[in-house]
Amino acid sequence: MTGAPTIPVTVLTGFLGSGKTTVLNYLLHQPDMEGVVAIINEFGEVGLDHLLVETSEERFALLDNGCVCCSVREDLVSLLAELSSRGGVGAAPIRRVLIETTGLADPVPVLHTLMTAPSVVERYRIDGVVVTVDAVNAIGSLDAHAEAVKQIAVADRILLTKSDLVDEVSRAAVEKCVRLVNPTVSITHVEHGRIGPEHIFEAGLFSPEGRSDDVALWFAAAAKAAGSHAHGSFDDGHHEHRHDVHDKGVASFSLTVREPIRWDAFSRWLDYVAALKGDDLLRFKALVNVAERPAGPMVVHAVQHVMHPPIEMDAWPSDDRNSRLVFIVRDIPEEAIVSTLARFGDVSRDSIARTAA
C-alpha cells in the first residue's frame, strides 16, 4: 500500500454522559458522511451505545471486550487492517474513520497506537481529537476524574454539549476551566448533538496539506490565553466552588524563541524531554524556525513519548518568524523546559520568553 492516500482518523472522546453518542448519531445522518465508518468502543459485557446509533451495520464496527485505551489496542489495530482491506462502505470507498471511545478512556494510548503501529501508519493518519464536554457537569467531572482532565488536555476541538441547559455565566465558567487545561483548543457550543462535519473533521494537526491557517490559530489562541489563564482557579466568582487545575498537576504554557534553531539540536532536546518526562508530556505543538530552512517553518506534534513526523511548511502563516512552542504537561515545571531547551537545544536563554498576552 506504499504511496496510497492515507485515511484520516478522528478520535471522538469525552467523559461519561457528555453526549458522544448523540453527536455521532447526528453526524452519521448528514448527507456528506458517505464513506465514513464509526468504530464504537464500549466497556463491559453488555454494550448499548451501538444500539443507539441509527445507521446500517456496515457503517460501524464494535469493540466491546474492553477499553480501547488498554486491553483492546491490538483489536483496534486488527480492525483497522480489516477495514482497509474491506475497501468500501456499500458503494462508497472508506474515506474516513471515526473512533468513539468509552467515557473513561485515556485517549493518549489510542493516539500512540495510531501513530506507531506500522500497519496503521501505512494506511491511516490522525486527523484530530474531538472531545465532548458536558456544560452541566463538567466542573464536577474535572474535580473527581483525572480522565476528564486528560481528555481536554489532548483535545484539538471541544464540543460544549448541553449548552442550552445552562446560563451564560455557567457556560463561561466551563470554558474557563477548559482554557486552563488547554489554552489553544477551539470550543463549539452544541445543542442536542447537532453539529456539522466541518466542526469535527480536518482539524489539520496531523496532516501536511494546507495547514497554515490552523497553525496560526493555535498560537493566536495561546497568546490570548497566556497572561490571564496561566495560573488561577476554576472559580468564576459566581459559584463558591473552586477547582485549581494545578491540584491535578496539569498545566499549559507557551514559549517563543526569537532566534533560529538548529534542527539537530532541537531534535536532541525533544528526545531528551520525551525520554525523561514523556509520560507527563501530554501534548506538545510547535512551529519551529529551523536555521537550515528559513523559507518556512517545521510543524512538530508530540504526544507523550511519541513524536509525529515533522511537517515542512512552504511558507510562514504570518509575518512573525519566531518559533512558538505550546506545552500541556503534568508536573513538569516551566523552568525545566526553558533550561533544558537552552542547554540541549543550543538556544540562547535570553531568546526564550513566555508568550505574552
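Side notes on the structure shown:
- Flag for Arg242 being modelled with pLDDT under 80, part of a strand (DSSP E or B) and not aromatic (Phe, Trp, Tyr): no
- All of (1) buried (at least 18 other Cβ atoms within 10 Å of the Cβ); (2) modelled with pLDDT under 80; (3) closer than 25 Å to Ala148 by Cα hold for Val46 with one exception: (1).
- Restricting the range 311-331 to residues that are of a type in the set (A, V, I, L, M, F, W, C) and touching a Leu at 6+ places or on another chain (Cβ under 7 Å), the residue that is farthest from Lys285 (Cα to Cα): Val329
- If the condition is being part of a strand (DSSP E or B), open to solvent by 20 Å² or more (accessible area, probe 1.4 Å) and aliphatic (A, V, I, L, M), then the range 318-336 contributes no residue at all.
- The one condition from (1) out of contact with any Ser or Thr (no Cβ under 7 Å at 6 or more places or on another chain); (2) modelled with pLDDT under 90; (3) in a helix (DSSP H, G or I) that Val169 does not meet is (2).
Residue-wise test of (1) modelled with pLDDT of 80 or more; (2) within 16 Å of the chain's Cα centre (by Cα); (3) within 26 Å of Ala146 (Cα to Cα).
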{"site": "Val72", "(1), (2), (3)": "no, no, yes"}
{"site": "Asp75", "(1), (2), (3)": "no, no, yes"}
{"site": "Leu80", "(1), (2), (3)": "yes, no, no"}
{"site": "Gly88", "(1), (2), (3)": "no, no, no"}
{"site": "Thr101", "(1), (2), (3)": "yes, yes, yes"}
{"site": "Asp106", "(1), (2), (3)": "no, yes, yes"}
{"site": "Pro109", "(1), (2), (3)": "no, yes, yes"}
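- Val290 vs. criteria at pLDDT below 85, open to solvent by less than 20 Å² (accessible area, probe 1.4 Å) and touching a Lys or Arg at 6+ places or on another chain (Cβ under 8 Å): no
- Of all the residues in the range 99-150, those that are surrounded by fewer than 18 Cβ atoms within 10 Å (Cβ to Cβ), acidic (Asp, Glu) and part of a loop (DSSP other than H, G, I, E, B) number 1.
The values are calculated or read from the model by the stated rules, or taken from the named source; none is laboratory data. As the structure is a prediction and not an experimental result, all values here were calculated from the model. Cβ sites come from the backbone with ideal geometry, for glycine too, and all protein chains shown count toward neighbours. Quick note on the areas: whole protein, heavy atoms, side chains included, nothing else; ligands and nucleic acids left out. Shrake-Rupley method; radii C 1.70, N 1.55, O 1.52, S 1.80 Å.
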